[in-house]
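The values are calculated or read from the model by the stated rules, or taken from the named source; none is laboratory data. Predicted model, so just to flag it, every value in this text is computed and none were measured. Here the Cβ positions follow ideal geometry from the backbone for every residue, glycine too, while neighbour counts run over all protein chains shown.
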Amino acid sequence: MSAGPDNARVVTLTVNGERVSRRVAARAHLVDFLRDTLDLTGTHVGCEHGVCGACTVRVDGMAVRGCLMLAVQADGAVVETVEGLTDRGAIADLQEAFLARNALQCGFCTPGMLITIAELLEREAAPSRAAIREAISGNYCRCTGYQAIVDAVERTLAARAGRAT
């Protein structure tokens, strides 16, 4: 990372499997860098205080709030957005379950939810309803409530285990 005269810095990171280097303002948040510089608009900006979870992305395999992390802090990191999970098919079954269980309405919170749930399902093969609720407790949804979202995760777990729902 190098600083320029305008206090901008060059960051190099891997986003959704692609290595990118861009000049970024030193105080730019990761979510703004992803949306405005890389045109990855699947990650949403909600509260800008790390409360709602709409800006959730994965950095080096961990779900983080993109509005609380500066882009320069991601220099050298591997970042994955909902577009990356979708492109590699990692959440296709989860997306279908969201649709089948009506777990999305306006869709604003959905990308952050999907990132958070994908991380949970990588850590735990069969989380309980309580564990699912705990995992998504930092992602705010105004439209559906959480019942349908938890049902969709359970449907995905059942399908992955070969059980009908």
Requested in this report: Consider Arg27 carefully, then state whether it is of a type in the set (Lys, Arg) and in a loop (DSSP other than H, G, I, E, B).
Outcome: yes
Report task. Identify, by number, the condition in (1) modelled with pLDDT of 95 or more; (2) within 24 Å of Arg142 (Cα to Cα) that Glu48 doesn't meet. Result -> (1)
**Report entry** Filter result for Leu99 (touching a residue at least 24 places away in the same chain (Cβ under 8 Å) and at negative phi)
**Finding:** no
Query raised in the report: From the residues in the range 56-77 that are in a strand (DSSP E or B) and within 15 Å of the chain's Cα centre (by Cα), which one is surrounded by the fewest Cβ atoms within 10 Å (Cβ to Cβ)?
Result: Met62
Report task. Go over the candidates Leu157, Leu94 one by one and state the one that is assigned to a helix (DSSP H, G or I) and either of a type in the set (D, E, K, R) or touching a residue at least 40 places away in the same chain (Cβ under 8 Å) (or both). Result -> Leu94
Query - Residues satisfying the stated conditions in the range 103-124, i.e. more than 20 Å from Glu80 (Cα to Cα) and at pLDDT 90 or above - result: Ala103
Report task. Go through the range 102-117 and give me each residue that's surrounded by fewer than 19 Cβ atoms within 10 Å (Cβ to Cβ) and either free of Cβ contacts under 8 Å to residues at least 60 places away in the same chain or assigned by TED's automatic domain parsing to the domain that holds Ala54 (or both). Result -> Asn102, Gln105, Cys106, Gly107
Query raised in the report: Can you name the number of the only condition in (1) without any contact (Cβ under 8 Å) to a residue 60 or more places away in the chain; (2) over 19 Å from Thr43 (Cβ atoms); (3) assigned by TED's automatic domain parsing to the domain that holds Gly46; (4) not hydrophobic (A, V, I, L, M, F, W, C) that Gln73 fails?
Result: (2)
**Report entry** Residue within the range 97-110 that is within 30 Å of Arg9 (Cβ to Cβ), of a type outside the set (Asp, Glu) and not in a helix (DSSP H, G or I) present
**Finding:** no
